[in-house]
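Asker: Let me give you the structure first, and then I'll get to my questions.
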Amino acid sequence: MGLSFTLKLGLFAALVSYLAGPIGHLVQITGVFLTPVPTVLGEGQGPIYIADTVHCEDVHHYRPANLLFTACEDHKSTRFSWFPPLGHMSPPGTRGSLHVVDPKTMKSTRLAFTNFEGPFVTHGVDIVEDPKANAVYIFAVNHLPNPAYFEAGEPDGVHKARSQIELFHHVLGSSTVQHVRSIYHPLVETPNDVYAESPVSFYVTNDHFYREGVMRMVEDFWSSAKWSSIIHVQIDSLSKDSNVEASVALQGLWNNNGLGHGRTDKEMIISSAVGGELYVSTPHSNHTIEVQETIPFQTVTDNPSYYADPYRTDTDDASGFVVAGISQAVYLASNARNPDATDASQVWYTRYLSDTGVWEKKLLFEDDGLRIRTASAAVLVPIEPKDDKKLAWLFVTGFMSEGMIAVQVEL
Ligand SMILES: *[C@@H]1O[C@H](CO)[C@@H](O)[C@H](O)[C@H]1NC(C)=O
């Protein structure tokens, strides 16, 4: 673990005692006293290791085609030197790719780019239907090294990362993906995840205000550091150089991180990763976001997803929200440069019980990091009910995991 870990732990402890905020919650989120209890799986419950899914931070289930979409780093070592979301700022960035995972075959297909060159340092994605074809548009965060820094003698005051959003087009069933355009706007500084409203309109989270340094650490540990934001971005058209407009849609959350589509077309779910909270929200037509409800969790709450139970009845509805996150955040700083470290995770599920008005929560899966490292997103894919049991495949992926896994769970 070494000196740097001891120093960070010391600094962390000092921060905790100095800032004195809601310490109990913070202790829970950081997992200082947590002992992971890896979920025991029965016969036929997996885990199924999905080949060729290295460091895929986010995953979405595109229900109309029953396919999962993800963006992966593809190389086991590169993320440990260049990945601005972890404060890793030594280029060059690598060239990751978009993958489609078929939940029927449990196989991942790496989509070949037809017209896209250069680095692709992947993070959050979102998928939106192409209404004119049997195809989808894919929005993907790309954390590019900034040429104005690295190719200009590393001048002071210039940011090292120049992150942007890439827009791709993919014909369902094909093994290729076409680059439509890059989308850059200075308001999008530390992008993490995307919520696509249409092929020309989307929201993106800036997960931090500070990109590096002590203030970034303060931001990670101080619950009053509500300095993250969500930006709305609108492009004039899909043509490469058309105008990009952006505005602040929401400010004042702590470390807003993952975005997901909720129960209706008009519902957005937002997670605060270190805050361990999920915000059920509405994006308004004037491109501001209103938080309606807060659902607290006791662990880091990364990318959220919504599961719509296709077998729901009036009396039995397993639809709910799923969040995945690391459960011992206290070790992240020391493990984040080690390709072989293990980081424990938990995946939680919550559904609303209308008779009592409470969000029932269930730990769907827990691991010590040997089967899945740094879980950051999870989705449920339904299985036809057996003996009245509601079953699903839970796909879990992590930003530093060697692969995505699928485990069978009962809801
Ligand atoms: C945006 O629309 C919502 C809902 O109609 C409204 O409550 C809010 O005040 C509007 N915000 C702005 C800045 O216009």
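The values are calculated or read from the model by the stated rules, or taken from the named source; none is laboratory data. Keep in mind the model is a prediction, meaning the values are calculated, not measured. Here the Cβ positions follow ideal geometry from the backbone for every residue, glycine too, while neighbour counts run over all protein chains shown. Protein only, heavy atoms only, side chains kept; ligands, DNA and RNA dropped before computing areas. Shrake-Rupley method; radii C 1.70, N 1.55, O 1.52, S 1.80 Å.
Asker: Quick one: in the stretch 247-264, which of the residues that are modelled with pLDDT of 95 or more and assigned to a loop (DSSP other than H, G, I, E, B) is farthest from the chain's Cα centre (by Cα)?
Answerer: The selected residue is Thr264.
Per-residue answers, yes or no, for (1) modelled with pLDDT under 95; (2) open to solvent by 30 Å² or more (accessible area, probe 1.4 Å); (3) under 17 Å from the mean Cα position of the chain (by Cα):
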| site | (1), (2), (3) |
| --- | --- |
| Thr190 | no, no, yes |
| His208 | yes, no, yes |
| Arg216 | yes, no, no |
| Ser242 | no, no, no |
| Glu245 | no, yes, no |
| Met268 | no, no, yes |
| Ser285 | no, yes, no |
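Asker: Let me ask something else about it. Which residues, counting only those in the stretch 55-80, are closer than 22 Å to Ala273 by Cβ and in contact with a Ser or Thr (Cβ under 8 Å, 6 or more places away or on another chain)? Before the answer, list the steps.
Answerer: Let us first name the residues in the stretch 55-80 that are closer than 22 Å to Ala273 by Cβ, namely 55-61, 68-73, 79-80.
Residues satisfying the conditions are His55, Cys56, Glu57, Asp58, Val59, His60, His61, Thr70, Ala71, Cys72, Glu73, Arg79.
Asker: Kindly indicate whether any position in the stretch 125-134 is touching an Asp or Glu at 6+ places or on another chain (Cβ under 9 Å), touching a residue at least 24 places away in the same chain (Cβ under 8 Å) and open to solvent by 30 Å² or more (accessible area, probe 1.4 Å).
Answerer: No: zero hits.
Asker: Separate question: Filter the stretch 355-403 for residues that are without any contact (Cβ under 8 Å) to a residue 60 or more places away in the chain and small (Gly, Ala, Ser) and give the result.
Answerer: Gly357, the sole residue that qualifies.
Asker: Which members of the stretch 288-324 meet the condition of being within 16 Å of the ligand (Cβ to nearest atom) and either of a type in the set (Val, Ile, Thr) or buried (at least 20 other Cβ atoms within 10 Å of the Cβ) (or both)?
Answerer: Listed by number, the residues that qualify are Thr288, Ile289, Val291.
Asker: Given the stretch 355-406, what strands (runs of 3 or more DSSP E) lie entirely inside it while holding 1 or more residues that are of a type in the set (Asp, Glu) and within 15 Å of Asp343 (Cα to Cα)? Explain how you work it out, then say what you get.
Answerer: Values: elements: 358-367, 375-386, 389-398.
Once the strands (runs of 3 or more DSSP E) in the stretch 355-406 are filtered for at least 1 residues that are of a type in the set (Asp, Glu) and within 15 Å of Asp343 (Cα to Cα), what remains is 358-367.
Asker: Return yes or no: is Trp359 surrounded by 22 or more Cβ atoms within 10 Å (Cβ to Cβ) and either of a type in the set (Phe, Trp, Tyr) or more than 26 Å from His25 (Cβ to Cβ) (or both)? Outline the logic, then answer.
Answerer: Details: surrounded by 22 or more Cβ atoms within 10 Å (Cβ to Cβ): no; either of a type in the set (Phe, Trp, Tyr) or more than 26 Å from His25 (Cβ to Cβ) (or both): yes.
No: the conditions fail for Trp359.
Asker: May I ask you to say which residue of Ser271, Ser281 is over 23 Å from Arg162 (Cβ atoms), within 16 Å of the ligand (Cβ to nearest atom), in contact with a Gly (Cβ under 9 Å, 6 or more places away or on another chain) and not in a loop (DSSP other than H, G, I, E, B)? Reasoning before the result, please.
Answerer: On the way: Ser271 fails: within 16 Å of the ligand (Cβ to nearest atom).
Answer to the selection: Ser281.
Asker: Applying the selection to the stretch 249-264, what residues are within 16 Å of the ligand (Cβ to nearest atom) and either charged (D, E, K, R) or in contact with a Ser or Thr (Cβ under 6 Å, 6 or more places away or on another chain) (or both)?
Answerer: Across the stretch 249-264, the qualifying residues are Ala249, Gln251.
Asker: Within the set of pairs 6 or more residues apart or between chains, which connect a residue that is of a type in the set (Phe, Trp, Tyr) inside the stretch 66-84 to a residue that is open to solvent by 40 Å² or more (accessible area, probe 1.4 Å) with Cβ atoms less than 7 Å apart?
Answerer: Phe80/Arg337; Phe80/Pro339; Trp82/Ser90; Trp82/Pro91; Trp82/Pro92
Asker: Shifting gears a bit: Yes or no: Asp74 surrounded by 20 or more Cβ atoms within 10 Å (Cβ to Cβ), assigned to a strand (DSSP E or B) and in contact with a Gly (Cβ under 7 Å, 6 or more places away or on another chain)? Steps first, answer last, please.
Answerer: On the way: surrounded by 20 or more Cβ atoms within 10 Å (Cβ to Cβ): yes; assigned to a strand (DSSP E or B): no; in contact with a Gly (Cβ under 7 Å, 6 or more places away or on another chain): yes.
No, not satisfied.
Asker: Now for a different question. Could we say that Phe116 is at pLDDT 95 or above, closer than 27 Å to Asn257 by Cβ, out of contact with any Ser or Thr (no Cβ under 8 Å at 6 or more places or on another chain) and assigned to a loop (DSSP other than H, G, I, E, B) here? Spell out the reasoning first.
Answerer: Numbers: at pLDDT 95 or above: yes; closer than 27 Å to Asn257 by Cβ: yes; out of contact with any Ser or Thr (no Cβ under 8 Å at 6 or more places or on another chain): yes; assigned to a loop (DSSP other than H, G, I, E, B): yes.
Considered against the rule, which asks whether it is at pLDDT 95 or above, closer than 27 Å to Asn257 by Cβ, out of contact with any Ser or Thr (no Cβ under 8 Å at 6 or more places or on another chain) and assigned to a loop (DSSP other than H, G, I, E, B), Phe116 comes out as yes.
For every residue, the table says whether it meets (1) open to solvent by less than 30 Å² (accessible area, probe 1.4 Å); (2) more than 19 Å from Asp126 (Cβ to Cβ).
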| residue | (1), (2) |
| --- | --- |
| Arg373 | yes, yes |
| Pro385 | no, yes |
| Lys389 | no, yes |
| Thr397 | yes, no |
| Met400 | yes, yes |
| Gly403 | yes, yes |
| Val407 | yes, yes |
| Glu410 | no, yes |
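Asker: Might you check whether a residue that is within 22 Å of Met215 (Cβ to Cβ), in contact with a helix residue (DSSP H, G or I) (Cβ under 8 Å, 6 or more places away or on another chain), surrounded by 11 or more Cβ atoms within 10 Å (Cβ to Cβ) and at pLDDT below 80 occurs anywhere in the stretch 24-41? Lay out the reasoning, then the answer.
Answerer: If we filter the stretch 24-41 for residues that are within 22 Å of Met215 (Cβ to Cβ), which is where we start, we get 25-26, 29-30.
Still in the running and in contact with a helix residue (DSSP H, G or I) (Cβ under 8 Å, 6 or more places away or on another chain): 26, 29-30.
Checking the rest, the ones that are also surrounded by 11 or more Cβ atoms within 10 Å (Cβ to Cβ) come to 26, 29-30.
Remaining after also requiring at pLDDT below 80: 26, 29.
Yes; the residues of the stretch 24-41 include at least one that is within 22 Å of Met215 (Cβ to Cβ), in contact with a helix residue (DSSP H, G or I) (Cβ under 8 Å, 6 or more places away or on another chain), surrounded by 11 or more Cβ atoms within 10 Å (Cβ to Cβ) and at pLDDT below 80.
Asker: Hey, another quick one. Mind checking which pairs have a first residue in the stretch 31-52 that is more than 20 Å from Lys104 (Cβ to Cβ) and a second that is assigned to a strand (DSSP E or B) and modelled with pLDDT under 95, Cβ under 6 Å, 6 or more apart or different chains?
Answerer: Listed pairs, sorted by first residue: none to list.
Asker: What strands (runs of 3 or more DSSP E), lying completely within the stretch 129-227, carry at least 1 residues that are over 17 Å from Ser247 (Cα atoms)? So that I can check it myself, show each step before the final result.
Answerer: Numbers: elements: 135-145, 161-171, 176-183, 191-198, 201-206.
By residue number, 135-145, 161-171, 176-183.
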